[in-house]
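This report refers to the structure that appears directly beneath it.
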Amino acid sequence: MTRPAVDRPSWLTPRSRWGLIVLAAIAFSLWQARVFEPNRFNVGGIPQLLRFVQASVQPDLSLDFLQLTLDAAIVTFAYAVCGTFFSIVFGCVGGILASEVWWVSVLPRHATRPIWLGIRATLAVPRAIHELIWGLFFVNLFGLDPLVAIVAIAVPYGAIVAKVFSEILDETPRQPLIALLNSGVAPFTAFLYTLLPQAFLDLLSYTFYRFECSVRSAAVLGIIGAGGLGYQILLSLQSLRYEQLWTLFYALFLLNGAIDFFSAWLRRRLGSPSRLDLNLRKQARSRGSGGSLPDAHPARQPPERDRWLVAVGLGGLLLLPFSFWYVGADFSKLWSARTLELLGDVAQTAFPPNLDQSQWQLGMVAVQTVAMSILAIAIAGCGGILLSFPAAHTFFLPGGLFTPAQPSWRDRVLAWTGVLGTRAALLIARAVPAPIWALVALFVLFPGILPGAIALALHNMGILGRLMAESNENLDPRPLVALKAQGTPAALVFLYGVLPMTLTRSIAYILYRWEVCLRETVIVGLVGAGGLGRLLTEQLSSFDYRRVVVTLGWFVILTFGVDWVSGAMRRSLR
Amino acid sequence: MKRVVLSTLLSLLLPLAACTPDSSSSSNEDAATQPLVTSAIPDQDPEKLQRLYSKLADYLETELGVPVEYKPVTDYAAAVTAFRVGDLDMVWFGGLTGVQARLQVPGAEAIAQRDIDADFHSVFIANTNSGLTPIDDIAQLATLKGRSLTFGSESSTSGRLMPQYFLEQADVNLDDFKGEVGFSQSHDATIQLVEAGTYEVGALNEQVWNSRVQEGAVDLDQVQVIWRTPAYYDYHWVVNPDVKERYGEEFVGRVQAALMALDPSVPEEKEILDLFGANQFIETENSNYSQIEDIGRAIGKIQ
Amino acid sequence: MTLPAPLFELRQVTQQFDRSLALRNITLQIFPGERVALVGSSGTGKSTLIQLLNGTLLPSQGEVWALGHSLSQGSSRQRRQVQRQIGTIYQQFHLVDTLPVIHNVNAGRLGQWSFFKAAVSLLYPLEVEAAAKALHRVGIPEKLYARTDQLSGGQQQRVAIARVLRQDPVAILADEPVSSLDPELSREVMALLRELVQEMGKTLVISLHSIELAQQYCDRIIGLRDGTILFDIPSFALSAERIRDLYRLREPG
């Protein structure tokens, strides 16, 4: 009898330790949300819920309203284009400055760690604050100009893009760059000729993803004052015109769906199948001596010069001036003397910060916010993972991994219904803004953290599910085919193949999205959950800017914390 | 079908056509033809708001002889801020937001209100399953302790400020309610959430409540009024002093006169008054809102 | 003397992909205990043939029989029953990188395990001894709990072989199992395969780039060119001329 040559490894790996911490955090959040107390479900609100659901099949399709919706959709689209443009510009500059590799190239013989770490830390400040709050701030500087919405999207998104771009740059192989630097090429030129082209597809894919996010953001930025879906949604929400709301949601649905489809098509053509490659490169590089894998990702082939691509590229470039012209923002306000004067006014009303509230109490409030974000991201993550499998076209469709070799006609119809249905559900989940989900959740749940978490979870599940479905579709099929070829039943192919291969990436997405959930707790304040978001809206509506600064400071601290924890967890997954 | 396509095309093209002169105009225009920009805080039916203000803008344009523009804003704080930075010249504010705006813009004046605004009320409503019954004395608000309560928007005078004030008069603090007090963000949402039973009690604008009851949009078996607050001053027009520089010293007076001249016997003007839910506009002044200001300070909504 | 029933049989099999013809009208029998090498240049259909034998592909025309069952007929359940008796080793190992080695080895038993058992084993590895034994056989017992993507290429191929050992099939198919390995490792892996096959009386069908390896380790060699069988002979009968013929470019035109 052979005794195993090695003992069972200890249970306490860094991974399992994080697993336990996560479970404990979720349990704590559930307790904070009072889930364990009886009667969290409000049966009395079912009729209200049904009214909302019912309106989904009878949206307002009157010609007037459709026209208004169409116009609003174009406005939203244009805002998203402009907002994305600026966030990419900020992001490129910030991304280079926040990357380790840039500073290592520029100052090769210095300890540069504090510099780029410092810049990365600074980027957490704009990221910590929700677009809506930025919007309110910029009204103070630019008045009701469309510029407000553009900058409100561009500032936090620019910081996010900078963070992600810097990570992409740092994970891109450096040998070509170092070769150029060693031959005396100036750092920026060397970047232009090595890292940037190497990382270009990843950067571009991420840009498309940001654009999709911008559209969703433009849909909650109702204050922009010049129409747009967000404005219409807020108006219809105020008087609870569900039929109109659904028409607007369907417009968002179509807009999001079209962009989604289009960017997927474009990315396929360009040979970059994933819109957000998180955390996987290093793993891929450390992969055995596998050599080149010509057939691993058929999509990763050098892009051919095809006419369609050129046409679409030109069309895309034309969209940019169109959007700027259509939005008609007054960019001169960015540098006008009056803006500076107004900035001085705001600074005067906001400083020095008012620290006379008990910071201990604020800390307790912050705990509620964190609990809501944990619960939200946990639900969104689990739901997203579950739905990402039926939403991926590589599993259940004819010719897929889990389909019989010769599916009957009925099987095909069922398979297509399943895939398209799941995708539509995910699309609806992310097309409906979180505050609307909050109201709906509040009909059937008693006020507190739970309805807020569920609202954020639904919205983010739609986003995560889509990202994960995409990573499922880009899965290396070979280990799965190998399992199948030895007669493994589909359920076990899933358990021993699909799940372990996708879980790492899915968790990376979830951790990345957690920060977003934290920020978004601000916009589901109506659920009566307390937390920093509630406090912030109260302070903003009281023009108590000295306290607003303090609350935002707490958001920044929390964002730091979330960033650190999620970074540490992602490292342990590698 | 053809019509749909055509109108779609038109709606695509119209804004293009409309935009062109717009972008070039603002720079070479002199101050005299600069439009008077009006706005309103979002408290009413949005569709109505839109119709209301385009009609009113037309009326004021003919009465005052200057171009009048309506800019929609969906956030209370944004409306106040935009008024402060001078992007809005004349705004239909609520009681509290009006005071906040005037405190931030020295010289701003409250000029007119509806006849009903001098005698405005809020109502407390309760879900019938809560077992709460109508009360007739302010002191009995104490029976609401331990129940769950939702207001409307944080800055709403009728949906938050005055109800909270009357509660405090009866010695009921926000801590006395079950859980956190909710902010449903609108009067209509308050009705729905109380009707659903999510919150046992809600406080809102009486005018909105009455019109929803009239429309039959409220299930009176589920929700009922338990108390009507005493009267207070609410909505009013506030004008930015900048307009005097632009259109002359007497301009504020002319706007006030134009508003008060709205005549219920003239059909078009009656329509405007109806949309506002008013019989006529009456004069008002800053001092009418000193009570609101005091309460605002006490509650912390005014710093 | 009557021949035993063939383990694998291809009857006039043609395999067509989107644009190209991979195999043309192949008829072939493989008997229990044989060690068959498939040789020929790249793209001549060796991998396709292996995929047909283990049921990953269904032929465009003709029939594939394995262990007395037609792979193109019957329910997917029945096909799985047959597939459990056929183990496959691949050029790129085809392991689940992110799992520890033990799960990849135990994956060979998934055809037999219940869902519940498989799920529990992912959390608390079961049948550890058997897995350790298989790893011991392939010479890397110490890697039992290592993460698969931390192993070298040769070690990963050994894990793949251990997986097949755990599966304990009647026939082992190998699709260029040593092409990713250096010559030294190749010989080691080939020797290991032969040893296992001889010892346990299994049938081996292996596609190889190297004629020497084929001659050295197999007793029957099938030469494929342009999707057809050029020759099918005992190893000792392979002549230099045949080899030249096999790699000769097709006449243009």
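The simple spin-label model puts a point 7 Å past each Cα toward its Cβ; for B:Thr128 and B:Leu103 those points are separated by 4.2 nm.
Under the convention that each Lys and Arg Cβ holds +1 and each Asp and Glu Cβ holds -1, the size of the dipole of the protein assembly as shown around its Cα centre is about 6800 debye. Note on C:Lys133: lysines with a C-alpha under 21 Å away, same-chain residues under 8 apart excluded, are C:Lys117, C:Lys143, C:Lys202. When shorter helices are ignored and each DSSP H run of at least 4 residues is given -39500 (n - 2.57), the per-residue value for chain B at 222 nm works out to -13000 deg cm²/dmol.
Spacing of the modelled spin labels on A:Gln361 and A:His393, each 7 Å from Cα toward Cβ, amounts to 5.6 nm.
When both the stretch C:1-30 and the stretch A:379-399 are represented by their alpha-carbon centers, they are found 37 Å apart. Note: the stretch B:121-228, Cα convex hull, 83 Å³ per residue.
Once all protein chains are placed together, A:Ser506 keeps about 0 Å² accessible to a 1.4 angstrom probe. Nearest 10 degrees is fine. How inclined is helix B:251-260 to the longest principal axis of chain B, computing both from alpha carbons? Computed tilt is about 60 degrees.
Mind grabbing the base-10 log of I(q)/I(0) for the stretch C:105-188 at q = 0.11, 0.26 Å⁻¹? Debye formula, identical points on the C-alpha positions, no solvent, two decimal places. Normalising to I(0) and taking log10 leaves -0.31, -1.38.
Ignoring solvent entirely, what values of log10 I(q)/I(0) come out of the Debye formula for chain C at 0.08, 0.09 Å⁻¹ when each Cα is a single scatterer? Summing over Cα pairs of chain C leads to -0.32, -0.41.
Distance from the C-alpha centroid of the stretch C:79-105 to that of the stretch B:111-137: 73 Å, rounded to the whole angstrom. Dividing the convex hull volume of the alpha-carbon atoms in chain A by its residue count gives 215 Å³ per residue.
So how far, in whole Å, is the C-alpha centre of the stretch C:186-229 from the one of the stretch C:36-65? What the calculation gives is 15 Å, centre to centre.
To the nearest 0.05, what FRET efficiency results for C:Arg11 and C:Glu199 with a Förster distance of 22 Å applied to their C-beta separation? Once rounded, the FRET efficiency stands at 0.10.
The angle separating the long axis of helix B:2-28 from the principal Cα axis of greatest extent in chain B is about 70 degrees.
Note on C:Glu142 and B:Ala261: their simple-model spin labels are 10.0 nm apart, each label 7 Å out from Cα toward Cβ. Taking the C-alpha atoms only, the angle from helix B:206-215 to the longest principal axis of chain B is near 90 degrees.
The Rg/Rh ratio for chain B is 1.02, where Rg is the radius of gyration of the alpha carbons and Rh is the Kirkwood radius. Out of B:His236, B:Ile226, B:Leu259, whose Cα points farthest toward the positive end of the dipole of the stretch B:173-303 (charges: +1 Lys, Arg; -1 Asp, Glu; placed on Cβ)? So the residue we want is B:His236. Heavy-atom accessible surface of A:Tyr250, to the nearest 10 Å², is about 70 Å², with a 1.4 Å probe and all protein chains retained. Ordered by 1.4 Å accessible area with all protein chains kept, A:Arg127, A:Arg574, A:Arg410, A:Arg534 run largest first as A:Arg410, A:Arg574, A:Arg534, A:Arg127. Taking amide H as placed 1.01 Å from N in the peptide plane, the amide H of C:Leu230 sits under 5 Å from that of C:Gly223, C:Leu224, C:Arg225, each at least 5 places away or on another chain. Computed on protein heavy atoms with a 1.4 Å probe, the accessible areas place C:Asp168, A:Asp544 in the order C:Asp168, A:Asp544, largest first. Residues B:Lys270, A:Lys163, C:Lys117 ordered from highest to lowest accessible area at a 1.4 Å probe: B:Lys270, C:Lys117, A:Lys163.
If you plug the beta carbon distance of A:Val312 and A:Ala347 into 1/(1 + (r/R0)^6) with R0 = 51 Å, you get a FRET efficiency near 0.70. Calculated on the Cα set of the stretch A:366-573, radius of gyration then Dmax: 20.2, 68 Å.
Rolling a 1.4 Å probe over the protein chains gives B:Asp221 an accessible area of about 120 Å².
Computed over the Cα atoms of the stretch A:483-565, the ratio of the radius of gyration to the Kirkwood radius (Rg/Rh) comes to 1.32.
Give, to the nearest whole percent, the P(r) tail of the stretch A:127-270 beyond 25 angstrom, counting all Cα pairs. Of all Cα-Cα pairs in the stretch A:127-270, 47 percent lie more than 25 Å apart.
If I take all pairs of Cα atoms in the stretch C:135-253, what percentage of them are more than 22 Å from each other? Of the Cα pairs, 42 percent sit more than 22 Å apart.
Within chain A, helices built from complete DSSP H runs that reach 24 Å or longer along their own axis (Cα positions) and carry a mean Kyte-Doolittle hydropathy of 1.0 or higher are A:63-97, A:147-171, A:307-327, A:359-391. Treating each Cα of the protein assembly as shown as one equal point scatterer and applying the Debye formula with no solvent, the log10 of I(q)/I(0) at q = 0.08, 0.09 Å⁻¹ comes out as -0.92, -1.09.
The values are calculated or read from the model by the stated rules, or taken from the named source; none is laboratory data. Quick caveat, the model's predicted, so the values are computed rather than measured. Counting neighbours? That spans all protein chains shown, and the Cβs are built from the backbone with ideal geometry, glycine included. Accessible surface areas use protein heavy atoms only, side chains included; no ligands, DNA or RNA. Shrake-Rupley method; radii C 1.70, N 1.55, O 1.52, S 1.80 Å.
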